[in-house]
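The values are calculated or read from the model by the stated rules, or taken from the named source; none is laboratory data. In this text, all values refer to a predicted model and were calculated from it rather than measured experimentally. Note: ideal-geometry Cβ built from the backbone for every residue, glycine included; neighbour counts use all protein chains shown. Areas reflect the complete protein model, heavy atoms only, side chains present, ligands, DNA and RNA absent. Shrake-Rupley method; radii C 1.70, N 1.55, O 1.52, S 1.80 Å.
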Amino acid sequence: MLRAALVPTGLRRFLLRDCHEPRQSSLGRVRSGAEIVTRLPESLRAVARNAIWSYGEATARFRVLPDFLIAGTQRGGTSALFSYLRRHPGITGPAWKEVSYFDRHYARGPAWYRGNFPTARGARGRLVGEASPNTLSHPLAAERTAALLPDARLITLLRDPVDRAFSHYQHERALGREPLSFEQALAVEDERLRGELERMRADRAYFSDAWWNHAYFARGLYADQLERWLAAFPREGLLILASDELFADPGGTYARVLEFLGAEPYELDSYPAVFSREYGPMSPETRTELAQRYAEPNRRLYRLLGRELGWTVP
C-alpha cells in the first residue's frame, strides 16, 4: 500500500471506502477513482493503480461480478456508450473503463477481476457492467467469459471496418506506438501478427503487443469473432449494434440498450462524443483497397446477422 504521506486525501478516502464507486465532490461533480489517479504525478500513477488493484483483490469476496459486458469493438463507440450507461441511476461499474480481464489480464485470476467491481453494498441492487473493447476479437475471450459469466448480457458495437482500421491506426500514432504510414502498417500486419494467436492460445499469461496495438485489418473480421461468441452464449443474450446507429442517434440507441439490459427507461440531458479525434482523410486508393479486402468478410457478417449494416461492399 502507498505510504499515507504520499497519497492525496481523495485517494486515501477512495482506498479506505469503496474505490470502485464514484464520489460526489464538494462542487457536486461526480469524481471517480480514475479521475483521482490521473491527477497524480506520473511517477505515482502505476503505484496507485496497483494499490487499488491490490485493495480490490483483497476484498474480492465482498464484491459482485458484472451483469453485462460491452465487448467491443475497439474504436467503435464503446467509451461513449459506457459513459452514457454510467450516468443511469440504476447502473454502476468499475472505477475506470477497460478492465480487460478476458484479453489482457486473464493470468491475474478471477479474484483480481472481481476486485475491480463495487461491493454488494456499494452496488445497492443496481446493474453492474464494464466495457473492454478488445475483448471481442481475442481468440479465447468468448470461452473465458462464458466460464465465469455464463448469464451475462453482451453488447457489441460494430463500426465499418475500413473506418475502424484507420481510426485504430490514428490512435496508435497519437500514442507514439506506430512509426509506419497506414499503408506500410497494413502491408506488414500479417508479418507482425505471425504466430501471435498461437502463442496466446498456448500461454494464457502471454501478452501480445502486436495483436493489441497493430491488428488494424484483423480486428475488422467481425464474422469470425462473433461466431466464437455465438458458440459460447445464446443469441438472445448478445445485442449487436452498428456504431453508426450510436453516432447518428445516441438517444435512441441508448434506449435500445437499456431495454436489452432490463433497466428502467432514462433520458440523458446530452450524449456527448467521447475520445473523438480529428485527423486527415484516408487516401481514396487505400479506402478502395480496404473495401475490396473486406467485401467477402462483410457479406459473411451480413449473412450471420440476417441484416446489412450499410457499409459499402464492392
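The set of residues from the range 173-184 being open to solvent by less than 50 Å² (accessible area, probe 1.4 Å) and either at pLDDT below 95 or of a type in the set (Ser, Thr, Tyr) (or both) comprises just one member, Ser181.
Of the listed requirements (1) free of Cβ contacts under 8 Å to residues at least 12 places away in the same chain; (2) surrounded by 12 or more Cβ atoms within 10 Å (Cβ to Cβ), Arg194 misses just one: (2).
For the range 64-79, a tally of residues being open to solvent by 10 Å² or more (accessible area, probe 1.4 Å) and in contact with a Ser or Thr (Cβ under 9 Å, 6 or more places away or on another chain) returns 4. Would you call Tyr294 open to solvent by less than 60 Å² (accessible area, probe 1.4 Å) and either over 23 Å from the mean Cα position of the chain (by Cα) or within 24 Å of Leu180 (Cβ to Cβ) (or both)? When the stated conditions are applied, Tyr294 passes them. Residues Pro265, Pro297: which one is assigned to a loop (DSSP other than H, G, I, E, B) and either out of contact with any Cys (no Cβ under 7 Å at 6 or more places or on another chain) or over 18 Å from Gly76 (Cα atoms) (or both)? Among Pro265, Pro297, only Pro265 is assigned to a loop (DSSP other than H, G, I, E, B) and either out of contact with any Cys (no Cβ under 7 Å at 6 or more places or on another chain) or over 18 Å from Gly76 (Cα atoms) (or both). A single entry from Ala131, Ala165, Ala187 fulfils the requirement of being farther than 25 Å from Gly109 by Cα, buried (at least 22 other Cβ atoms within 10 Å of the Cβ) and not charged (D, E, K, R): Ala165.
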